[in-house]
Amino acid sequence: MNEINIVGQVIGGNVGHLLIRQKSNIDLELGDLLIAENDNSFLLLKVFELKYGSQVDDSSIEMASGLILEGHSESSFIDSDLRNYIVASVKAIANVKGTNVTIPKTMPSFFAKIRSVTKTDLAFLNDKPENPILVGKVRSGSKVLDSDVYLNGEDLLTHHVLIPATTGRGKSNLVKIMLWSALNSNKFGILVLDPHDEYYGRHKNGLKDHPNSKENLVYYSPTAIPGCNTLKINITTLNPHDFDGIVDLSRAQRDAMSTFYMEHRENWIEQIILSNSLAAEALNVNPSTIGVLQRKLRLCLGLTSKTNENGTIELSSDGDMFSPRTGEGTFNQIADSLEDGKIVVIDTSRLGDQAELLIGSSIANHIFDRHRYFKSKGILDQKNPVSIVIEEAPRVLAEEKINQSDNIFSTIAREGRKFKVGLIAITQLTSVIPKMILTNINTKIILGNEMSTERHSIIESSSQDISDENRTIASLDKGEAIISSIFTKFPIPVKIPLFEDVLQNSSSEPDQDLVLD
């Protein structure tokens, strides 16, 4: 072992909590990766706590401190590196033998010397999985190693992804990196509901600058730009289930919607809005219920009624989105693009929450119904997986939302993997999402979070034991993350590159590692 790389020595602990005495002039950090070598294998260790250690008793330390504070000469026995030092609490996270990585079941020998990790130690991570998606580079504390971290795209997307973090820790940047990587192939259909119009890059750099954007990227906006699609949705393509968990509806109101849908099929919304008390009573629906429904549908869809030249009352649109006359093929076009393995970005920056989520709910229902049909016909394996990116996921996945009315997003979270449909849920508030949903999300890319309640919820629902990572998660800087997934042998600390750097490197050196094959 190269003595230059030695950072400490084992002085005690147990199989899940080893104590390492830090070598003088070495600064270990929370999250540092370390190596304890055996004959033909090594243990990969991770620092999760640092504290002071001393051979001097507490009363002597206090006395010496007082002498120094009052201006007396320093006592050399207090300052000696041999008597006073730092102890790192570490956990063995992997046992590595060649390319074989297993869960650790042994301990390093007593007084074993510990060294820092190198890129060579992590060679087992260099093999790209099938259909790779780049997440970032391996991180040891705050040091970034030149070792890329890829995850299998199909496994990752169909088994759902949670990206929890407080504001400003790099959630959107991470999603851009993953989408940029997915654009290298047409193996994944990803729907992005973009409430800030930040992913496509209408006014700045974005996914449109990817070399494959013309083939693999589709953009919809209410105010479309040349070469892109105008987002217009015909109300006849909506069904009552699209409103579940999106619009606050009572049981009677939901029943009334279903009744009108069964009676009038695709014209059900028009019939509700133009309905009068006699029409409602003819279907055994309380007129007051229809009155409330009319108000809610008008508000959500931006619809009004007016009298035309012939004196007939007809439905009209006072908004830019939902229409009674145009946009019949929008949902099918979007679904077709997703089935073809394209990324579809929908600009919802000019819409309210309800309209944005209604669009997402409708498309999700289209996709889910298609994939259930594919499975019933035995052809699902031939289809690309589809994933849906949801910003501020508690808007549809919070327990109170699901209790009001089960929606398509919670259905996908529970059953989507069987039909190759997944979610990428982005949130600041993990704690409001039910445990049942969280446990079905098999990959969590955890960025910094200083809120104790949120960290506890993240740790409790992670796919691997990260109970020792509480302080580490709180200390994560912008762009630093921990990947906890059933598809990795251990929680992997990563540094996510800046999207601007990836874009610049891609355009100047197209064959480098950041651009996938």
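Per-structure values
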{"quantity": "Unmet criterion (only one of (1) more than 14 Å from THR166 (Cα to Cα); (2) open to solvent by 20 Å² or more (accessible area, probe 1.4 Å)) for ILE437", "calculated": "(2)"}
{"quantity": "Any hit, region 224-241, residues being open to solvent by less than 20 Å² (accessible area, probe 1.4 Å), small (Gly, Ala, Ser) and farther than 19 Å from GLU339 by Cα", "calculated": "no"}
{"quantity": "Scan of region 271-301 for residues that are open to solvent by less than 20 Å² (accessible area, probe 1.4 Å), assigned to a helix (DSSP H, G or I) and farther than 20 Å from SER362 by Cβ, ordered by number", "calculated": "ALA280, ILE290"}
{"quantity": "Every pair of residues 6+ apart whose Cβ atoms lie under 7 Å, when the first sits in region 188-215 and is on the phi > 0 side of the Ramachandran plot and in contact (Cβ under 8 Å) with a residue 40 or more places away in the chain while the second is of a type outside the set (Lys, Arg) and not in a helix (DSSP H, G or I)", "calculated": "ASP197/ASP347; ASP197/SER349"}
{"quantity": "Every residue from region 71-115 that is of a type in the set (S, T, N, Q), modelled with pLDDT under 95 and either open to solvent by 80 Å² or more (accessible area, probe 1.4 Å) or outside any loop (DSSP other than H, G, I, E, B) (or both)", "calculated": "SER73, SER76, ASN84, ASN95, THR99, ASN100, THR102"}
{"quantity": "Complete set of residues in region 473-501 that are aromatic (Phe, Trp, Tyr) and closer than 24 Å to LYS204 by Cα", "calculated": "PHE499"}
{"quantity": "Selection within region 316-347 - in contact with a Ser or Thr (Cβ under 9 Å, 6 or more places away or on another chain), of a type outside the set (A, V, I, L, M, F, W, C) and either on the phi > 0 side of the Ramachandran plot or open to solvent by less than 60 Å² (accessible area, probe 1.4 Å) (or both)", "calculated": "SER316, SER317, SER323, PRO324, GLY327, GLY329, THR330, GLY341, ASP347"}
{"quantity": "Matching residues, region 148-158, being outside any helix (DSSP H, G or I) and crowded, with 22+ Cβ neighbours inside 10 Å", "calculated": "VAL149, LEU151"}
{"quantity": "Residue in region 12-24 that is part of a loop (DSSP other than H, G, I, E, B) and of a type in the set (A, V, I, L, M, F, W, C) present", "calculated": "yes"}
{"quantity": "Top-ranked residue in region 159-170 [being touching a strand residue (DSSP E or B) at 6+ places or on another chain (Cβ under 7 Å) and open to solvent by 10 Å² or more (accessible area, probe 1.4 Å); ranked as modelled with the highest pLDDT]", "calculated": "HIS159"}
{"quantity": "Looking only at region 255-270, and only at residues there that are touching a Ser or Thr at 6+ places or on another chain (Cβ under 7 Å) and under 14 Å from LEU297 (Cα atoms), the one that is most open to solvent (accessible area, probe 1.4 Å)", "calculated": "ASN267"}
{"quantity": "Scope region 312-357; condition assigned to a strand (DSSP E or B) and of a type in the set (Val, Ile, Thr); matching residues", "calculated": "ILE313, ILE343, VAL344, VAL345, ILE346"}
{"quantity": "Identity of the residue in region 14-62, of a type in the set (Gly, Ala, Ser) and either more than 26 Å from LEU476 (Cα to Cα) or without any contact (Cβ under 8 Å) to a residue 24 or more places away in the chain (or both), that ends up most open to solvent (accessible area, probe 1.4 Å)", "calculated": "SER59"}
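Quick grid of which residues meet (1) among the aromatic types (Phe, Trp, Tyr); (2) at pLDDT below 95; (3) farther than 19 Å from GLU328 by Cβ:
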| site | (1), (2), (3) |
| --- | --- |
| PHE188 | yes, yes, yes |
| HIS203 | no, yes, yes |
| LEU207 | no, no, yes |
| ASN267 | no, yes, no |
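The values are calculated or read from the model by the stated rules, or taken from the named source; none is laboratory data. This structure is a prediction, so every number in the text was calculated from the model and none was measured. Virtual Cβ from ideal backbone geometry, glycine too; neighbours counted across all protein chains shown. For accessibility, only protein heavy atoms count, side chains too; no ligands or nucleic acids. Shrake-Rupley method; radii C 1.70, N 1.55, O 1.52, S 1.80 Å.
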